[in-house]
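All remarks here apply to the structure that follows.
The values are calculated or read from the model by the stated rules, or taken from the named source; none is laboratory data. Nothing here was measured: the structure is a model prediction, and the numbers come from that model. Heads up, the Cβs are rebuilt from the backbone with ideal geometry, glycines too, and the neighbour counts pull from every protein chain shown. Protein only, heavy atoms only, side chains kept; ligands, DNA and RNA dropped before computing areas. Shrake-Rupley method; radii C 1.70, N 1.55, O 1.52, S 1.80 Å.
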Amino acid sequence: MDKLTLSKIKSLKGELTVPSDKSISHRSVIFASIAQGKSVVRNFLRAEDPVSTMNAMRALGVEIEEVKRVESRESKVNISKSIISSRASEEKYKGDILIIHGKGLHGLKEPFDIINCGNSGTTIRLLSGILAGNPFFSVVTGDDSLKQRPMGRIIKPLKEMGAQISGRSNDSYPPFAVNGGGLRAIDYKMPVASAQVKSCLMLAALYAQGDTTITEPFKSRDHTERMLFSMGADIEIEGLSIKIKHNPTNSHLNPFDITVPSDFSSAAFFIAAALLVPNSEILIQGVGINPTRTGLLSVLNNMGAPIKLENIRDISGEPVADIYCRSAEKLYAINIGKEIMPSLIDEFPILCVLASQAEGISEIRGAEELRVKESDRIKAMVTELRKMDIEIEEYPDGVQIRGGAELKGSEVESYGDHRIAMSLSVAGLIAEGATTILNPACVDISFPGFYEKLRLLEIKLR
Ligand code: S3P
């Protein structure tokens with residue numbers, strides 16, 4: 001599929017689920033691989049990025065069994081009606097189950113070949129923390145997009161910890177080669193808020209002699225902290241600092257049984273679509289609402305969006321809710337900066353679309369990290385939304401958008417970036433005339449079945 005055309009729709013209605021959380025799926029596979037024994041991962045996201053992680057861990061000698069779509073109805077006895085009904089709806093979005101035979105921290109083997117991480121920044125960065133800790137040689141690379149994403153941010157601190165790493169362009173980009181082992185602890189102040197960098201260093205710290213401290217400028221997503229802590233790692237969190245303590249007599253990590261919630265970042269496209277398309281009302285079930293991920297909800301609240309969180313519960317140590325939302329009668333412009341950016345980092349493209357329909361001029365700043373995602377997302381959104389007649393100005397660190405635009409359907413480019421493709425598709429649903437998305441298949445990176453899900457909600461695709 002090299003192009004796909006959408007047209008304006010009249011309404012969007014129904015209950016739906018979106019795919020499992022990408023960040024938690026990656027972490028489940030990586031952490032289970034270095035745990036001592038067998039872990040179970042339920043609702044694993046079978047999308048291109050997490051599959052890259054699974055292949056990488058297999059290349060390091062980890063046995064991963066895949067059990068497809070098991071519809072289990074166990075543990076329904078003696079539980080209250082309300083729990084029964086919420087469990088029953090959770091059954092509907094059961095995805096794949098993985099059984100991972102963890103090798104322990106020191107049981108991985110040297111890979112026989114170069115490890116290709118595809119399009120996945122999370123795979124290459126988290127994996128590198130583990131490779132740096134292990135006394136063997138490895139080489140990692142990725143697709144053309146990943147080969148242009150900055151790796152100095154992990155290579156520099158990993159070298160300070162004692163790993164030997166050489167990469168392209170003076171240790172800045174993939175491919176890079178790692179000779180790991182013999183790490184020492186460091187006290188590291190991260191120049192950018194990045195969960196990928198933080199998680200990489202936390203993993204390396206598990207192998208280092210001494211206690212490592214990592215400090216972020218702003219809080220990024222904390223799935224790694226939650227999961228490693230629940231596996232028995234000795235972690236202390238104080239404000240923006242995380243201390244990973246090394247215990248030479250007991251350094252093993254416990255295996256786990258985890259159920260991955262649905263991905264808030266995938267839900268965001270349907271939330272936006274429901275807000276923007278008239279006569280819409282949707283309920284998205286079982287979505288992760290970890291506060292380090294839901295900055296978009298606070299922003300939408302300030303914009304006056306009618307959204308409600310229902311049935312808030314805890315699943316495997318993460319807060320989860322059903323998200324109800326309907327068409328917004330009016331949205332107000334917003335002004336946001338770098339403090340909130342890490343908690344909505346992946347929602348920048350869809351927030352641009354939302355801001356184009358708000359009353360007033362919005363500014364979204366402090367977003368320079370968006371320049372080094374799967375594409376330069378600032379430039380991509382500025383270029384493509386202009387084609388749709390949106391008044392949008394580009395800053396080095398963000399955008400200014402004049403709201404209230406009447407969108408014009410046009411031919412727009414996804415740049416092979418899944419979140420750009422989905423954001424422009426949502427714009428296409430409210431544009432006059434046809435919108436053609438070039439290279440739409442990249443949605444499979446995080447949201448296989450995105451277009452089918454739109455169709456199911458009775459959206460007309462041509
Ligand atoms: C991710 C962290 C974010 C995010 C990416 C997934 C993660 O990157 O953009 O999609 O799983 O840790 P940074 O935290 O490096 O900005």
Using a simple charge model, +1 on the beta-carbon of Lys and Arg, -1 on the beta-carbon of Asp and Glu, nothing else, what dipole does the chain show about its Cα centre, in debye to the nearest 20?
500
Considering amide H positions built from the backbone, and no H for Pro or chain starts, which residues 5 or more places from residue 102, or on another chain, come under 5 Å of its amide H?
37, 38, 39
Using θ = phi - 60° and the Karplus curve 6.51 cos²θ - 1.76 cosθ + 1.60, what whole-Hz ³J(HN,Hα) does each residue of the stretch 435-446 get, with Gly and Pro shown as x?
10, 10, 9, 8, 6, x, 5, 5, 4, 5, 4, 10
Once Lys and Arg are counted +1 and Asp and Glu -1 for all other residues with Cβ under 12 Å from that of residue 336, the total becomes -2
Starting from the Cα gyration tensor of the chain, multiply each eigenvalue by 5, take the square root, and state the resulting semi-axes largest first in whole Å.
36, 26, 20
Which whole-Hz couplings ³J(HN,Hα) result when phi for each residue of the stretch 211-222 is put into the Karplus expression 6.51 cos²θ - 1.76 cosθ + 1.60, θ = phi - 60°, listed in order with x for Gly and Pro?
9, 9, 10, 10, 10, 9, x, 9, 6, 9, 3, 10
Length released on extending from residue 38 to residue 234, taking residue separation times 0.36 nm less the Cα-Cα span:
68.5 nm
Mean-position separation - Cα centroids, the stretch 94-125 and the stretch 154-189, in angstrom
19
Per-pair calculated FRET efficiency, R0 = 51 Å: residue 112 and residue 187 via Cβ, rounded to 0.05
0.90
To the nearest Å, what is the center-to-center distance of the stretch 211-229 and the stretch 45-64, using C-alpha atoms only?
23
Long-range amide H partners of residue 289, meaning residues 5 or more apart or on another chain whose placed amide H is closer than 5 Å, are 320, 321
Other residues with Cβ under 13 Å from the Cβ of residue 190 give, with Lys and Arg +1 and Asp and Glu -1, a net charge of +2
Compare the Cα positions of 229, 255, 188 along the charge dipole of the stretch 187-321 (+1 at Cβ of Lys, Arg; -1 at Cβ of Asp, Glu; about the Cα centre) and return the one farthest towards the positive end.
188
Can you pick out the pairs among 38/109; 198/338; 189/379; 379/453 whose Cα atoms lie more than 22 Å from each other?
189/379; 379/453
The long-range amide H neighbours of residue 331, using H built 1.01 Å from N in the peptide plane and a cut-off of under 5 Å, are 359
Counting DSSP beta bridges in the chain, what percent are antiparallel, to the nearest 5?
75
With Cβ to Cβ distances under 13 Å as the rule, what net charge do the other residues near residue 445 carry (K, R +1; D, E -1)?
-4
Inter-part distance where the stretch 371-392 and the stretch 270-337 are each reduced to a Cα centre, Å
23
Under the 0.36 nm per residue contour assumption, what length would be gained going from the current alpha-carbon distance of residue 136 and residue 2 to full extension?
44.1 nm
Based on the Cβ-Cβ distance of residue 58 and residue 11, what FRET efficiency does E = 1/(1 + (r/R0)^6) give at R0 = 51 Å, to the nearest 0.05?
0.70
With a point put 7 Å past each Cα toward its Cβ, work out how far residue 309 is from residue 209 in nm, to one decimal.
4.5
For the residue 66, residue 434 Cβ pair and Förster radius 41 Å, calculated FRET efficiency rounded to 0.05 is 0.55
Full-extension gain in nm, residue 171 to residue 379, via 0.36 nm per residue minus C-alpha separation:
72.3 nm
Cubic angstrom per residue, convex hull over Cα atoms of the stretch 249-291
82
Probe radius 1.4 Å, ligands and nucleic acids ignored: give me the carbon and sulfur share of the accessible area of the chain as a rounded percent.
49
In debye to the nearest 20, the charge dipole size for the stretch 164-303, taken about the Cα centre with +1 at each Lys and Arg Cβ and -1 at each Asp and Glu Cβ, equals 260
For every helix of n ≥ 4 consecutive DSSP H residues, a contribution of -39,500 (n - 2.57) applies; sum these over the chain, divide by its total residues, and give [θ] at 222 nm rounded to the nearest 500 deg cm²/dmol.
-9000 deg cm²/dmol
Just the accessible area per residue of the chain, please: how many Å² with a 1.4 Å probe?
39
I want to make sure I understand the PRE zone here: with the label point 7 angstrom from the Cα of residue 389 toward its beta carbon, which residues in the stretch 409-439 have backbone N atoms less than 17 Å away?
409-412, 427-436
Eligible lysines near residue 3 by straight Cα distance, threshold 17 Å, same-chain separation 8 or greater:
387, 460
Listed highest first by mean packing, meaning other Cβ atoms within 10 Å per residue, what order do 428-436, 126-134, 345-353 come in?
126-134, 345-353, 428-436
